[in-house]
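Just below is one structure, and these are the notes that go with it.
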């Protein structure tokens, strides 16, 4: 089991704290003088409340119809971690933008907290289209999406069944299905996967009878010497990106429940990815990112128009918040062209 957890960068130990690496323009909590932000809520198709932040350029003309972009946070994160930054930066470029908390996370509804349900995550993005497409300042024919980390795979899954999403971009994408089935670089064996499934299934008996919830994965609470885990630690467990919503304890932020996390085993977001065409697809990954394999896989499977952009000197988490490395100009050009 320890080998499995290390393969996924998920070894969790006790908490300690260090200073955050704020180099290369790390600016997760960026605010803009040219953008306004409003907290909003809307219901998904199943009547569950989804919480979001709506960003508007201050110079937006009354009565105008504008392109809009939905921004999804990394898996296990909340909208205040990376998604708000991207939404703010794109609003500076003239877009109406919406960051949202996926169901079971942050300020959105759903019990138990930190539950995994990929189809519902996908639905939340379509519900975000419902919301934006009925706003008076939004042109419903010009709505795009940015998915960061795990939300990249949810965004692709949403785009496959929701043609209202006219342009799709992913950044540091994780295929959450493949990552849980196979680990990084196919590092998880079938025997290890079966052991994890047995553990999760047996834990269901415990929780059904009122026992304590067990959490898995997420971010370590101390430096472990594992490169992947330490990379996440530097963002989620330090002032660089730490943010604990009222509905979560600091010990469980980013950590899904063990019994629900196995649902990712049945999640295949890249199957039929070619059906997104002719809507454009932009995939952005760091040259040094441990997740780069997922963007490359999606690019190989997708149909034109598609583009894979590799950022030199960038790792996976670098593209969460390091404004010196994130290609905001490329994203702005892509959406201005695709949503014109």
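FYI, it's all coordinate maths here, none of it is from the lab. Every value quoted in this text rests on a predicted model; they were computed, and no experiment measured them. Neighbour counts run over all protein chains shown; Cβ positions are idealised from the backbone, glycine included.
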Simple spin-label estimate for residue 209 and residue 32 in nanometres, 7 Å along Cα-Cβ: 5.5 nm
Residue 252 versus residue 65: modelled label distance in nm, points set 7 Å from Cα along the beta carbon direction: 4.5 nm
Listed with the fewest Cβ neighbours within 10 Å leading, 137, 98 appear as 137, 98
243, 270 arranged by Cβ crowding within 10 Å, fewest neighbours leading: 243, 270
Relative to the first principal axis of the alpha-carbon coordinates of the chain, what is the inclination of helix 328-338, with its axis defined by its Cα atoms, in degrees from 0 to 90 and to the nearest 10? 60 degrees
Expressed in angstrom and ordered largest first, the alpha-carbon extents of the stretch 198-340 along the principal axes are 54, 36, 29
Quick note on 340, 79, 39, ordering by fewest other C-beta atoms within 10 Å, gives 340, 39, 79
To the nearest 10 degrees, the tilt of helix 151-161 (Cα long axis) against the first principal axis of the alpha carbons of the chain is 60 degrees
Relative contact order for the chain: what percent, with Cα pairs under 8 Å and sequence separation of 6 or more? 23 percent
Please compute the volume of the convex hull spanned by the alpha-carbon atoms of the stretch 52-124 and report it per residue in Å³. 89 Å³
Stokes-Einstein D for the chain, Kirkwood Rh over Cα pairs, 37 °C, 0.692 mPa s (µm²/s): 165 µm²/s
C-alpha long axis of helix 190-208 to longest principal axis of the chain, angle in °: 90 degrees
Among 148, 311, 168, determine the one that fluctuates most according to a GNM of the chain built with springs between C-alpha atoms less than 10 Å apart. 311
Given all pairs of different Cα atoms, what value in angstroms does the Kirkwood hydrodynamic radius of the stretch 144-206 take? 13.5 Å
Sticking to Cα atoms, compute the Rg of the stretch 69-196 to one decimal and its Dmax as the biggest Cα-Cα distance, whole number, in Å. 15.4, 54
The convex hull of the Cα atoms of the stretch 206-269, divided by residue count, gives a volume in Å³ per residue of 135 Å³
Potential extension, residue 134-residue 287 segment - 0.36 nm per residue separation minus Cα distance: 51.2 nm
For the stretch 271-340, evaluate the Debye formula with one uniform point scatterer on each Cα (no solvent term) and list log10 I(q)/I(0) at q = 0.16, 0.20, 0.23, 0.27 Å⁻¹, rounded to two decimals. -0.59, -0.86, -1.04, -1.18
Run the helix sum for the chain: -39,500 (n - 2.57) per DSSP H stretch of 4+ residues, divided by residue count, reported at 222 nm to the nearest 500 deg cm²/dmol. -9500 deg cm²/dmol
Tell me the label-point distance for the pair residue 21, residue 162, using the 7 Å Cα-to-Cβ offset, in nm and rounded to one decimal. 3.4 nm
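Stokes-Einstein diffusion coefficient for the stretch 242-305 at 10 °C in a medium of 1.306 mPa s, Rh from the Kirkwood formula over Cα pairs: what value in µm²/s?
107 µm²/s
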